[in-house]
Amino acid sequence: MDLQREVWGLADLEVTSAIQLLATVHAGGMLLVAESPGDGVVGFCYAFAALRGGSPHLHSDMLAVRGSLRGRGVGLRLKWAQREEALRRGLRLVTWTFDPMRVANARLNLRRLGAVARELLPDFYGTTSSALHHGLATDRLLASWELEAPRVVDRRKGETPPPALPGKVPALNDVAWRDGLPVSGPPRLDLDADALLVEVPVDWDAVCRRDPGLAREWQGIVRWSFESAFARGYAAVDCLSEREGERVRALYVLRRDEQAPI
């Protein structure tokens with residue numbers, strides 16, 4: 001509970017209680033904890049039993065790591081442990097939601113773990129007390145982690161695909177810079193190719209702090225881009241960084257769904 005407050009800055013009303021965690025685990029959910037000598041609990045991964053779509057699976061609701069230990073692979077190890085335990089229980093799917101504007105999360109979910117996203121959930125949580133959400137809409141991508149898919153098995157072996165795009169891939173949105181912030185033009189929702197790109201800001205918090213109106217515009221553009229692409233059979237399969245001079249771009253890679261395992 002303390003980590004929930006620390007990581008998300010939640011008010012107590014929105015913290016998942018110890019009683020709820022215990023009841024969920026007893027009913028078939030999963031709570032994995034990372035501990036460090038002298039520091040106690042430094043991370044956790046929490047999932048509950050789910051039936052959305054008709055097949056029993058886990059929905060992973062929270063993954064948190066203490067700030068001082070981020071970047072050391074704790075979150076990744078928790079997720080792989082979650083996969084191992086899910087497979088031991090005979091489950092083949094874990095889902096979770098993540099903010100499409102958070103590039104580090106997208107890289108972990110799509111690039112490092114091999115999940116894919118085929119659905120955007122607009123303003124999923126509504127307005128929350130978390131400072132991380134900046135009072136904005138809480139749009140979320142739904143990650144599907146198909147635990148025995150070849151792309152997931154390969155990543156478990158450490159075989160992450162190279163961070164390069166095959167040839168020239170068209171982008172749904174064009175991005176320029178204004179007063180030190182990235183500004184996107186309207187998405188071209190009629191683009192059709194085997195692969196498409198959606199660019200998002202590298203530093204989302206900076207955009208939210210300096211220009212909340214621009215942040216809302218960004219959310220709308222990204223929402224339209226994903227909703228349109230998903231409706232036309234694409235899936236988000238990767239998130240890359242690409243350097244152009246002194247500028248770094250963050251790019252989602254979308255492929256037609258039948259090619260998503262690539």
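So here's what we get for this one:
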read-out	value
Residue within the stretch 243-251 that is surrounded by fewer than 21 Cβ atoms within 10 Å (Cβ to Cβ), out of contact with any Cys (no Cβ under 9 Å at 6 or more places or on another chain) and in a helix (DSSP H, G or I) present	no
Failed criterion for LEU141 (all others in (1) touching a strand residue (DSSP E or B) at 6+ places or on another chain (Cβ under 6 Å); (2) more than 16 Å from TYR252 (Cα to Cα); (3) not β-branched (Val, Ile, Thr) hold)	(2)
Restricting the stretch 62-79 to residues that are of a type outside the set (Lys, Arg) and either surrounded by fewer than 16 Cβ atoms within 10 Å (Cβ to Cβ) or assigned to a loop (DSSP other than H, G, I, E, B) (or both), the residue that is modelled with the highest pLDDT	LEU76
Residue match in the stretch 195-218 (condition: among the small types (Gly, Ala, Ser), under 15 Å from ALA171 (Cα atoms) and part of a strand (DSSP E or B))	yes
Subset of the stretch 3-26 [among the hydrophobic types (A, V, I, L, M, F, W, C), without any contact (Cβ under 8 Å) to a residue 60 or more places away in the chain and either in a helix (DSSP H, G or I) or more than 25 Å from SER68 (Cα to Cα) (or both)]	ALA18, ILE19, LEU21, LEU22, ALA23, VAL25
Which listed residue is under 30 Å from HIS134 (Cβ atoms) and among the aliphatic types (A, V, I, L, M), from ALA23, ALA49, ALA18, ALA27	ALA18
Only one of PRO187, PRO182, PRO201 that is without any contact (Cβ under 8 Å) to a residue 40 or more places away in the chain and surrounded by 12 or more Cβ atoms within 10 Å (Cβ to Cβ)	PRO182
Residue, nearest to ARG156 (Cα to Cα), within the stretch 24-83, restricted to residues that are more than 18 Å from the chain's Cα centre (by Cα) and of a type in the set (Val, Ile, Thr)	VAL33
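To keep it simple, each residue is scored yes or no on (1) buried (at least 16 other Cβ atoms within 10 Å of the Cβ); (2) modelled with pLDDT under 95; (3) over 30 Å from PRO56 (Cα atoms); (4) in contact with a Pro (Cβ under 9 Å, 6 or more places away or on another chain).
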position: TRP145; (1), (2), (3), (4): yes, no, no, no
position: GLY158; (1), (2), (3), (4): no, yes, no, no
position: PRO162; (1), (2), (3), (4): no, yes, yes, no
position: ARG223; (1), (2), (3), (4): yes, no, no, yes
position: ALA236; (1), (2), (3), (4): yes, no, no, yes
position: ASP257; (1), (2), (3), (4): no, yes, no, no
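The values are calculated or read from the model by the stated rules, or taken from the named source; none is laboratory data. Keep in mind the model is a prediction, meaning the values are calculated, not measured. Here Cβ is always computed from backbone atoms with ideal geometry, including for glycine, and neighbour counts include all displayed protein chains.
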